[in-house]
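Take a look at the structure below.
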Amino acid sequence: MRPTLRPAGVALFKRCRRYKAGQVVVAGTEGREIVKRLLAVGKNKAYLQGDHPDSADYVVPPADLRGRLLLKLHIR
């Protein structure tokens, strides 16, 4: 999620029931958790994209969304 989140930083996510486009979210997919920006969410699909140009895009069921970014701290 670089440049939004940096390595060695701390991110706090909050579980929520509703998500909005533009939020940074954590989602469970393929047996792991990923952090991406939510492009759109519908009844059956959530579209996720990383902020880094080389990151992969994902389409997951909305039930796989686990939380949204609440706070980020950058540690030097």
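How large, in percent, is the carbon and sulfur part of the accessible surface of the chain at a probe radius of 1.4 Å?
So the carbon and sulfur contribution to the accessible surface is 50 percent.
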Notebook entry, point to check: How large is the accessible surface per residue of the chain, computed with a 1.4 Å probe and reported in Å² as a whole number?
Noted result: 72
Margin query: With θ taken as phi - 60° and the coefficients 6.51, -1.76 and 1.60, list the Karplus ³J(HN,Hα) couplings across the stretch 50-60 in order, rounded to whole Hz; mark glycine and proline as x.
Written below: x, 6, 6, x, 8, 7, 7, 8, 9, 10, 10
Notebook entry, point to check: Just how far, in whole angstrom, is the stretch 50-67 from the stretch 1-49 if you go by their alpha carbon centroids?
Noted result: 6
Item checked: Partner lysines for K14 [C-alpha distance under 17 Å; skip if fewer than 8 residues away on the same chain] -> K36, K72
Margin query: Please list I75, I34 from largest to smallest accessible area, probe radius 1.4 Å, with all protein chains kept in place.
Written below: I75, I34
Item checked: Residue-by-residue Karplus 3J(HN,Hα) for the stretch 12-18, coefficients 6.51, -1.76, 1.60, Hz, glycine and proline x -> 10, 10, 10, 5, 8, 8, 10
Checklist line | About the Cα centre, charge dipole magnitude for the chain (Lys/Arg +1, Asp/Glu -1 at Cβ), debye | finding: 440
Margin query: Under a crude label model (7 Å from the Cα following the beta-carbon direction), how far is L39 from Q23 in nanometres?
Written below: 1.9
Item checked: Reachable aspartates and glutamates, given that their alpha-carbon falls under 16 Å from the alpha-carbon of K43 and they are not under 8 places away in the same chain -> D64
Next item on the list: Taking 7 Å along the Cα-to-C-beta vector as the label spot, tell me the R76-K14 distance in nanometres, rounded to one decimal.
Entry: 2.9
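The values are calculated or read from the model by the stated rules, or taken from the named source; none is laboratory data. Everything numeric here is computed off the predicted structure, so don't read it as measured data. Methodologically, a virtual Cβ is constructed for each residue, glycine included, from the backbone with ideal geometry; neighbour enumeration extends over all protein chains shown. In case anyone asks, the SASA skips ligands and DNA or RNA and just uses the protein heavy atoms, side chains included. Shrake-Rupley method; radii C 1.70, N 1.55, O 1.52, S 1.80 Å.
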